[in-house]
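Participant: My questions all concern the structure below.
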Amino acid sequence: MPLSTNEIGKLLKEFFLSPVQEQLNRETIALDMFEKARVNWAGRVAIIPVHTGSTVALGGASVQFSDAGDVPNATTQTFSKLSVEARRLLARFQVDGMVMTAARKGNTDQVINWMEGSMDLLAEDVRDKMNQAVFSGGEVVGFCTFRTADEGGGPGAVTAAFFGDITKLQTEVGGGGVGSPTADLIDVDTGAVLAGAVTDIAFAAGDAAACQVGLTLGAGIAVGDAAKVWALELTSRKAGIEYSEEPVGIYGNISSTALFGITRAGTPLNGNGFKPENAAQRMALSLDHIQEAIDGVLNESGEDIDVIFMNPLQRQSYTALLTANIQTMSDKAGRGDGGFTGLSYGGVEIRSSRACGRGGMILMTMKHWKLLQLDKGGFADFDGSALSRVANNDAAEGYYRHYYNTACTRPNAQAVIAGINIR
């Protein structure tokens, strides 16, 4: 039976929307683990209240033991509001005019065959974009670590080890436009911004392969700063890309100057940064480093880490550590295997994503991560059809859209380990 343009659009939605969504849910590993939160939207903004502190009105104890029955002083709780704005992810596709003509003549098999290939490619492109954004979406592109030899100096250039989206940072540094990109360095533990900021970012030969970057600092690095993990937040753009239009990724949720409108410094809305060695930019990973971070989060927030994310290449460092901790019972062994597929640490699941940077790990308490969706994602059909004619071209087109953002409601239950040797 011949098909009209509207019927082709309906066929597109009916047969291919679910497969596209299924692929995206399956391939965007971290995003799929976030809680699908139900929130009230005011336009494109969702408001999430977070507890940021408490005060005792009259001073003294607010909770006490008392044989006399004396009631303690009143406590006033302080709440702030995260204003999370939905971001718009769009992907366009076209249908050739000959395919449309074949469909109108009743050759639906040709349309379906074309759509299968086209939707697979669409899903792959959207998946890659969402994977990147779930880690480094927004202005925070990763984390820097320094060495004690860099401390105490004045303004000038210094090389920092980098854990994050080095491709995104290279794009910014190598982009067109006038001037050099600038950035802030934020202490992951406190939200404090390094004095003087970053006045220039540059890559020398071999820096990208070594996961390091050259930073020109306006005021230098103070004594003690080499022990810290610093989030690198872009403050000016050179590549012509508005990173503020991206959803806020894991890096930005854990550390940035502000969390959805709330300045972090002086609040408990900060993550936890761990660097194994102060004297060097990096050192080899050890099980003690992971345990230190897990214990640190528990001490800071009372929460247990339940997922660790790392780059697939970083897993090689971890599996090398396991060989000294594996016991073999020769009387029960029935088969030998030279590798690992499932990894964990003390029962905490370890997952890998190529969108996660090299040279570090992300430790997460997943119940505090929210996926806020104004629209679940699908083919746009404002006028009742998923397809429309392309001006001055023998084709029809449509596009996939998803309105969403990601938010962490308790950053102090999350951690970053940076300054680890890369593979």
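The values are calculated or read from the model by the stated rules, or taken from the named source; none is laboratory data. Keep in mind that this is a model prediction, so the values were computed, not measured. FYI the Cβ positions are ideal-geometry reconstructions off the backbone, even for glycines, and counts take in every protein chain you see. Calculation scope for accessible area: heavy atoms of the full protein, side chains included, ligands and nucleic acids excluded. Shrake-Rupley method; radii C 1.70, N 1.55, O 1.52, S 1.80 Å.
Participant: Once you have the Cα-Cα distance between residue 63 and residue 399, take 0.36 nm times their residue separation minus that, and quote the gain in nm to one decimal.
Facilitator: 115.2 nm
Participant: On to the next question. Based on the Kirkwood radius over alpha-carbon pairs, what value in µm²/s does the Stokes-Einstein equation return for the translational diffusion coefficient of segment 123-167 at 20 °C and 1.002 mPa s?
Facilitator: Estimated diffusion coefficient is 166 µm²/s.
Participant: Next question. Between residue 235 and residue 81, take the C-beta separation as r, use R0 = 35 Å, and let me know the FRET efficiency to the nearest 0.05.
Facilitator: My answer for the efficiency is 0.90.
Participant: Give the ranking of 230, 41 by solvent-accessible surface, highest area first, calculated with a 1.4 Å probe.
Facilitator: So, going from the largest accessible area down, we get 41, 230.
Participant: In the neighborhood of residue 220, defined by Cβ-to-Cβ distances under 12 Å, what is the net charge if each Lys or Arg adds +1 and each Asp or Glu adds -1?
Facilitator: Overall, the nearby charge balance is -3.
Participant: Now a separate question. When each pair of different Cα atoms in segment 174-280 is counted once in the 1/r mean, what is the Kirkwood radius in angstroms, to one decimal?
Facilitator: 15.0 Å
Participant: If I take R0 = 25 Å and measure r between the Cβ atoms of residue 366 and residue 344 in this structure, what FRET efficiency does the formula 1/(1 + (r/R0)^6) give, to the nearest 0.05?
Facilitator: Result of the calculation: an efficiency of 0.95.
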